[in-house]
Every structure is written in structure tokens, then in C-alpha cells.
1. Restrict the check to region 376-389 and report whether at least one residue is within 16 Å of the ligand (Cβ to nearest atom), open to solvent by less than 60 Å² (accessible area, probe 1.4 Å) and in contact (Cβ under 8 Å) with a residue 60 or more places away in the chain.
2. Is it the case, given these coordinates, that Ala44 is in contact with a His (Cβ under 7 Å, 6 or more places away or on another chain) and over 17 Å from Leu163 (Cα atoms)?
3. Name the residues in region 321-348 that are under 22 Å from the mean Cα position of the chain (by Cα) and assigned to a loop (DSSP other than H, G, I, E, B), would you?
4. Regarding Val77, is this residue in contact (Cβ under 8 Å) with a residue 60 or more places away in the chain and in contact with a Lys or Arg (Cβ under 8 Å, 6 or more places away or on another chain)?
5. Take the residues of region 172-188 that are under 15 Å from Ala367 (Cβ atoms) and within 16 Å of the ligand (Cβ to nearest atom): which is modelled with the lowest pLDDT?
6. Among (1) more than 15 Å from the ligand (Cβ to nearest atom); (2) over 25 Å from Gly429 (Cα atoms); (3) small (Gly, Ala, Ser); (4) open to solvent by less than 10 Å² (accessible area, probe 1.4 Å), which single condition is Ser72 missing?
7. Can you tell me which residue among Thr169, Thr154 is away from the ligand (no atom under 16 Å from the Cβ), open to solvent by 10 Å² or more (accessible area, probe 1.4 Å), among the hydroxyl-bearing types (Ser, Thr, Tyr) and farther than 14 Å from Val50 by Cβ?
8. I'm trying to understand the selection: among the residues of region 110-149, which are open to solvent by 30 Å² or more (accessible area, probe 1.4 Å) and touching a residue at least 60 places away in the same chain (Cβ under 8 Å)?
Amino acid sequence: MEAAQALDPAVEKLRALVRIPTVSHRDPTLTDFSAFDAFLEELARQFPMVHERLELTRIDTHGLLFRWPGHSAERPVVLMAHLDVVPVDEESPWQHPPFSAEVHDGAVWGRGTLDDKGALVAACEAVERLLAEGVTPNQDVWLSFGCNEEVSGTAAQLAVDELSRRGVTPWFVVDEGGAIAGEALPGLVVPLGVVGVTEKGTTSLELTAEGRGGHASTPARNGPTVRLAKALSRLDARAMPSRLPETTVEMFRRVAPHLPGPLGSVLGKVTDIDRLRPLLGKALVAAGPEPAALVRTTFAITTLSGSPAINVIAATAKAGINVRVMVGDTVADAVAHVRRAIKDDDIRIDVVEEGEASPVSPIDDDAFRLLEATITATFPEAVVTPYVMMAATDSRFFTQICQRVYRFAPFRMSKAQRQAIHSYDEHLGIETFLEGIDWYRRLIESLPA
Ligand SMILES: [Zn+2]
């Protein structure tokens, strides 16, 4: 612990909230809702003016929807975050206890610092400070905080329902997803201010092969387990075609002047990057699983089951497949691809979870330009660019009522920090946490009349 150094009061607020283990579980009976009660109480204690002066609607079990009335309600904006966190794997080698919020090396360490309590506290702190100064925003500002983003996102859907019931059509929405990303591409020295303008869809399929089963002493060839195994290896060998979405092309257009080495000089010289589209798609697929996931729908074979006993032939064999649907593809395209790839019409394909890719939010647009300008003002050396998010956020529900949904958290994150999300050693730099508060302030103060 760095004990001697006095910390900004906002940092102590973050630490107090990180210490409360608001862990959400897919099975709600495992969730300790008393931690969520404690979190909401602590939040009210830390941000008294936000709770006194803004209208508050409780959403779902522990979600919050605040309305800060502005001079106008014509172009309302929604700032989102979530208060739940993913569980901690007891075996993982955290350097500092995950729910202690200790300060080391100029950072607060703990589960939820990056995902997503840092943003929640920074947004609240910005509003609290503006309220203290007697500021009224030009437009209505809504704060929407989900309580189950990591498992179902029902709170976000209910917040959307509440807003539609009240006739609110947000001008734009900001949620987690992007960041000021260091080491974003190999050799790139400048940080990228990545703003997610769409996200891949999450879909789950189940493949089922059926047969007679029976005693393991008299096996027949090509039983359900074998047919399923063949189908899976065929699927593994056949990827869906890559498609370079306009968002990714735009990212390369903006990043090219800053890229060192041969890639930079090639991209930098080409004024019309569109001509490189096929080449770029192939290069990304060849560069490894992460870049490949940027340009195509992916299939991860996750669960497998067959016979319940080693001396019984399975009558049914099942495999679970987690699909991430690329913008431009649909769930139906993905299912059709699996159907073709496995070459076995007797295997049943069930869609057990259906999520399409989110619509693409515009970038040639005043709201995006406002984000760009405020990001550049707070992080002058960052190159701002739209990108396709691979993970899912609560903000996907808001695409039902809003065309401009942007995913960006105003914090500098190194590659190691990004990898710590949902893993171990999650930590948020104190200096950049304070920059984040400034960014939310600036954004609210920049809302046009
Ligand atoms: Zn999150």
C-alpha cells in the first residue's frame, strides 16, 4: 500500500464501491443480492446530490435509471455503465486481493475497476461536481446503470422499455466497450481512441446426432458420437468467408499514417484504401485468431456430451457451438454455413440463443463528432477511430430506440490491462480515472443547446 500519499476523494469513492462484491451469476440463486443492496446504499452515500437532485427510477432488481433534466429534452443523451462484475476464479494468481481495492503503482486494483465500476463512478463524479457548481446541462442527461450485464442484461432491456414508455428517443448513448488503447496494433506508438460503433452478435447452436445406442460389446460403425465428431471436424476446417466491414476499413484509413514499417508505408501511400480491401481481409485472417475474428463470423465448439457411462453406446450425442455473428452476416447465414459444412443432414441444428450483430452507428454525424472532439480534448495524442466490438454490451438493447450507440470508456488501458478484464489483476490507473471524470464533464458541458 502507498499509505502516505493523499488520494483524490473520487478515488476513495471508487475504492469503496470496488470493495463490495456485486458478483452476478447465470444461476440467480447463486447471486448474493445483499451485496447489490449494499452497493446501492454506498452509491447514495458517495453521491448525495446525484440522488437528491436527479429523478430516479429503480429498474429490475438493482438497476438504476436517473434523469437529469436539462434546458431541453429534445436531444437527450444516455450514459451507461453496469454495477455487476464477473466472479473471481479462486485459483487465479491475483497480485492483490480482488475485492480489497488496494492502491499500488498508481492504480486501484480489483475486480470491476475496468469493467465497469470505473466508468460508473467517473460518470457519477462528473455529474456530482457539475451539480455542486449549479450547472444545468443543455440537454436531458440520463444515467442508466445495469445490474446484470454480465449474465443476461434484462435490466438494460427494462431500461429501454421504460424510456420508450416515456417517449424518450436518445440522441446518442455511450456505454463501455472502447477505450484509449495502448499497443493496439503491433508497432503502433500512439494510443487509439477506439469507439465501438457496432458489436458482433452472440448466438449459440446445439448439434444433435441420434442413433440406436446399446451395449458397448456390440458396437456398430458410425454411431452418433462418431458422426458428431466428423461433423465438428468438418466445421472446424471450414471458416465462414471474411468480410471487411466499412468500420474496419475506416479504422485502417485513420490509423495508416501512424503505422510504422511496411504495412504503414503501403497503407499510407494508398489514398484509396478500398482498393486494398481484399488484401487486408486476407492479411487479417492470416495474422491469427484475434485479427481473424475482426473480419468474420466465428464458431467455437464449446460443450460436448455423449453416453453417460463408458460401457454404454450413446443414443444421443450433442455439441454446443458459440457463434459470434459478424456485421453483414445473419444468424440464418451462420446456421446455413454449419448445415453445409457438416455434410450430414441427419444431424439436427437447434438455435438455443439468438443474437444478431448490432446495427452500425453513424460516424459522419454530429454526435460522433462531439465524441471525437471531447476525446481529443482530454487525450490529445490519441487517434480516434470507430471499430467493431467483439464482445457484447448492455448497449445493444438501446439500438431498439437509438441510432447512435457508441461504446467507449474514457480510460487509458494497456494491452495487459485489457487482457485482465474478466481475468485476473484487473486495475485502473488513478491518473486516467481522473482524466475519465474530466471527459464525462466535458461531454456533458459540450452538449449543444
Ligand atoms: Zn462490462
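The values are calculated or read from the model by the stated rules, or taken from the named source; none is laboratory data. Predicted, not measured: the structure shown is a model, and the values here were computed from it. Here Cβ is always computed from backbone atoms with ideal geometry, including for glycine, and neighbour counts include all displayed protein chains. For accessibility, only protein heavy atoms count, side chains too; no ligands or nucleic acids. Shrake-Rupley method; radii C 1.70, N 1.55, O 1.52, S 1.80 Å.
1. Going through region 376-389, the residues within 16 Å of the ligand (Cβ to nearest atom) turn out to be 389.
Checking which are open to solvent by less than 60 Å² (accessible area, probe 1.4 Å) leaves us with 389.
Add one more test, that the residue is in contact (Cβ under 8 Å) with a residue 60 or more places away in the chain, and what stays is 389.
The answer is yes; a qualifying residue exists.
2. On the way: in contact with a His (Cβ under 7 Å, 6 or more places away or on another chain): yes; over 17 Å from Leu163 (Cα atoms): yes.
Criteria met by Ala44.
3. In the first step, residues of region 321-348 are kept if they are under 22 Å from the mean Cα position of the chain (by Cα); the result is 321-331, 334.
Listed by number, the residues that qualify are Met326, Gly328, Thr330.
4. Details: in contact (Cβ under 8 Å) with a residue 60 or more places away in the chain: yes; in contact with a Lys or Arg (Cβ under 8 Å, 6 or more places away or on another chain): no.
It is false that Val77 is in contact (Cβ under 8 Å) with a residue 60 or more places away in the chain and in contact with a Lys or Arg (Cβ under 8 Å, 6 or more places away or on another chain).
5. Looking only at region 172-188, we keep the residues that are under 15 Å from Ala367 (Cβ atoms), and these are 172-175, 178.
When the remaining residues are screened for being within 16 Å of the ligand (Cβ to nearest atom), the result is 173-175, 178.
Values: Val173: 98, Val174: 98, Asp175: 98, Gly178: 95.
Among them, the one singled out is Gly178.
6. Ser72 satisfies every listed condition except (4).
7. Values: Thr154 fails: away from the ligand (no atom under 16 Å from the Cβ).
Answer to the selection: Thr169.
8. First, pick out the residues of region 110-149 that are open to solvent by 30 Å² or more (accessible area, probe 1.4 Å): 129, 132-136, 138.
Listed by number, the residues that qualify are Arg129, Ala132, Val135, Thr136, Asn138.
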